[in-house]
1. Averaged over peptide B:225-234, how many Cβ atoms belonging to another chain are found within 10 Å of each residue's Cβ?
2. Given the pairs B:LYS46/B:LYS254; A:LYS51/A:LYS135; B:LYS56/B:LYS98; B:LYS254/B:LYS284; B:LYS150/B:LYS172, which span a C-alpha to C-alpha distance of over 20 angstrom in this model?
3. So, in nm, how far is label B:GLU245 from label A:THR23 when the simple model puts each one 7 Å beyond its Cα toward the Cβ?
4. Using the Karplus equation 6.51 cos²θ - 1.76 cosθ + 1.60 (θ = phi - 60°), what ³J(HN,Hα) coupling, rounded to whole Hz, does each residue of region B:266-279 give in order, writing x for Gly and Pro?
5. Where both partners of a DSSP beta bridge lie in region B:202-333, what percent of those bridges are antiparallel, to the nearest 5?
6. Mind checking which of A:MET84, A:GLY100, A:HIS115 is farthest towards the positive end of region A:83-125's charge dipole, using Cβ charges of +1 (Lys, Arg) and -1 (Asp, Glu) about the Cα centre?
7. Please report the antiparallel percentage of DSSP beta bridges with both residues in region A:11-121, rounded to the nearest 5.
8. Restricting to the protein assembly as shown, compute how many DSSP beta bridges are antiparallel as a %, nearest 5.
Amino acid sequence: MSVLVNNDTRLLVQGITGNSGATHARGCLEYGTNVVSGVTPGRGGQVFDDKVPVFDTVVEAREESGCNATMIFVPPAFAADSIMEAVDAGIELVVAITEGIPVADMMRVKTKLAHSKSVLIGPNCPGIITPGQCKIGIMPGYIHKPGDIGVISRSGTLTYEAVWQLTEAGYGQSTCIGIGGDPIHGMTHLQAAQLFTEDPDTRAFILIGEIGGSEEEEAAAWIKENCDKPVAAFIAGATAPPGRRMGHAGAIISGGKGTASAKQEALRDAGIVLADTPAEMGAALIKALG
Amino acid sequence: MNIHEYQAKELFDKYGVATPAGGVAETVNQVIEVARELGTDTVVVKAQIHAGGRGKGTFKSGFQGGVHLCDSPEKAGEIAGKMLGEVLVTHQSGEEGKLVNKVLVAASVDIDKEFYFAILMDRETERAVIVASSEGGVDIEDVAENTPEKLIRVPIHPTLGLQGYQARTIAKQIGFTSEQMRPAAKLFAAAYKLFMATDCSMVEINPLVLTTDGEVQALDAKFGFDDNALFRHPEIAALRDTDEEDPREVAASKFDLNYIGLDGNIACMVNGAGLAMATMDIIKHYGGDPANFLDVGGGATEEQVREAFRILAGDPKVEAILVNIFGGIMQCDVIAQGIINAAEEIEMNLPLIVRLEGTNVAEGRKLLEESGINLITASDLGDAAKKAVESVA
């Protein structure tokens, strides 16, 4: 089984007629995701690839197609507007792939989100996948395998690396959640850890973090008190110079806070098995399983 | 992105944040002219470089200090003559120092009291937060560490903004008197307006001063801007001074490559920021030293890959190049073709270690094999890092 997405997920793609929106909508369709509608303002009435109806607004898409999740591929300048549109239309799960949304825009989005029932994943993330059932995002589907290991990560390709190591070792995944690399974003490490802890079909999970912020520490503190499942972790950025943004807008050590060593210590203190190198993420999870 | 002090002053002027009168100058004659126009008894001449610690810095010529108090326009000109065109080394500039092309000439102010005032985009509260203190002109990290009770933090509601009462309360809480409260609150409101209007990540005024004339002014400031928002602020993007940046990083930014120069000898080229950081970490883990962080992005083109190689191979410190690609959006065959093109164009005599995995990996590996390029292939990330470290041993 899984968390958040499964065979019952009915996906809307916002920005479906754009370059990347179209490419990845096709990728999701090929994987078997039930893509039920698209939205591009001004393109209402068109049909994407002869099978997915396109609407002008999310409200129309919701009413006509019964979508309960959305994948957003709208350029940074307009992405916050698209997220808020999805939230207002009552879409249960909003997955924002877009990279480069201004922080102030995300701050306003979070204010909107606080008064809604929608869950936001991302932005600046690879998306979420429940192998064999539903893929929402840009990850290569074939590296995944259905199973009972949960994956939470702030990164894209580093997540693929971890998933690949697990799959190669014969450990499939329940759900993989890319929470994204921006400083202000939706679902946190902690919230994802809570979901996996409560999910009866997830046996263990791996948390992949990086420098910047304090989400890994918060998740570690919660796991220490509340989670009996085996947990492994890896933190990227031990060699990153302080004060520099390492690609992800949120990956920065500022004022001595958000270092890899502080995060590693908090995770270790919570009894979580740490991978020493990114080549050993799968091995750390297997070790945690005992 | 950083900006110069004179640019910060111009932004403050535009948004109504009070600062001492002054202007920027590029020649000795301009310095004298600005100082005369100011008409004050003394002026301050400040070297314009991005690094902090200017006052205590030393010019490579031997001249001491990048900040000087001068008692006449002529003296200001004479001092500026010793700064302009010279290289200033400070504890933040690195040994190579920074070339001074401009100086700020400002009226000197008589300070009654110094304060600290900053607005930061705070990821924990997900709001802009005002941080203020009665302790100004000192390192705020020390205040936070030793006397945290002297630091106040006020989160500002994202859509309501800074309210008048909040600004007045902050002013009183950090020690302004009843009559000083209004000018202080006015400055706070103007600074908040500037912060939001230009998508800042930080505006730090240190020190914020009360002059002996009872005026509240921003004496020095540090700005940070949200790079993601520069597209909607061309006037801010234009303030970028590439002379102040690592030339390798300037070259990379022209091709939308995410590059940060480090001091090691193993260069790496990776797709994705998290994996790029992790690749640096694993190089270090096996006893090597990464020369850089380089994320070629999710959808890099052949041209970007070629330019990335040019930058890596052109760095004299680099002794080996490690390519680590996990193809998701990016296809391994595209990367492979980029590597082949780059190797053909650039004479590379460095060991090249390549690890490819993911989308179209078979095609990518085949292209590399058939190209006849001299490279070391790696089976996985650990293997790649070990081989890279061995190649420079």
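The values are calculated or read from the model by the stated rules, or taken from the named source; none is laboratory data. Model, not experiment: these values are computed from the prediction. Positions of Cβ are backbone-derived with ideal geometry, glycine not excepted, and every protein chain shown enters the neighbour counts. For the accessible areas, the whole protein counts, side chains as well, though only heavy atoms, and no ligand, DNA or RNA atoms are used. Shrake-Rupley method; radii C 1.70, N 1.55, O 1.52, S 1.80 Å.
1. Working: counts 0, 8, 5, 14, 8, 2, 5, 4, 1, 0.
Partner-chain Cβ atoms within 10 Å, mean over residues of B:225-234: 5.
2. Working: B:LYS46/B:LYS254 31 Å; A:LYS51/A:LYS135 18 Å; B:LYS56/B:LYS98 14 Å; B:LYS254/B:LYS284 29 Å; B:LYS150/B:LYS172 13 Å.
Among B:LYS46/B:LYS254; A:LYS51/A:LYS135; B:LYS56/B:LYS98; B:LYS254/B:LYS284; B:LYS150/B:LYS172, the Cα-Cα distance tops 20 Å for B:LYS46/B:LYS254; B:LYS254/B:LYS284.
3. A separation of 2.4 nm, rounded to one decimal place.
4. 9, 7, 9, 10, 9, 9, x, 5, x, 5, 5, 5, 5, 5
5. Details: 11 of 18 bridges.
Antiparallel bridges make up about 60 percent of those DSSP assigns within region B:202-333.
6. Checked the options; the winner is A:HIS115.
7. Working: 2 of 19 bridges.
Counting DSSP beta bridges with both partners in region A:11-121, the antiparallel share is about 10 percent.
8. On the way: 60 of 111 bridges.
Here the share of antiparallel DSSP bridges comes out near 55 percent.
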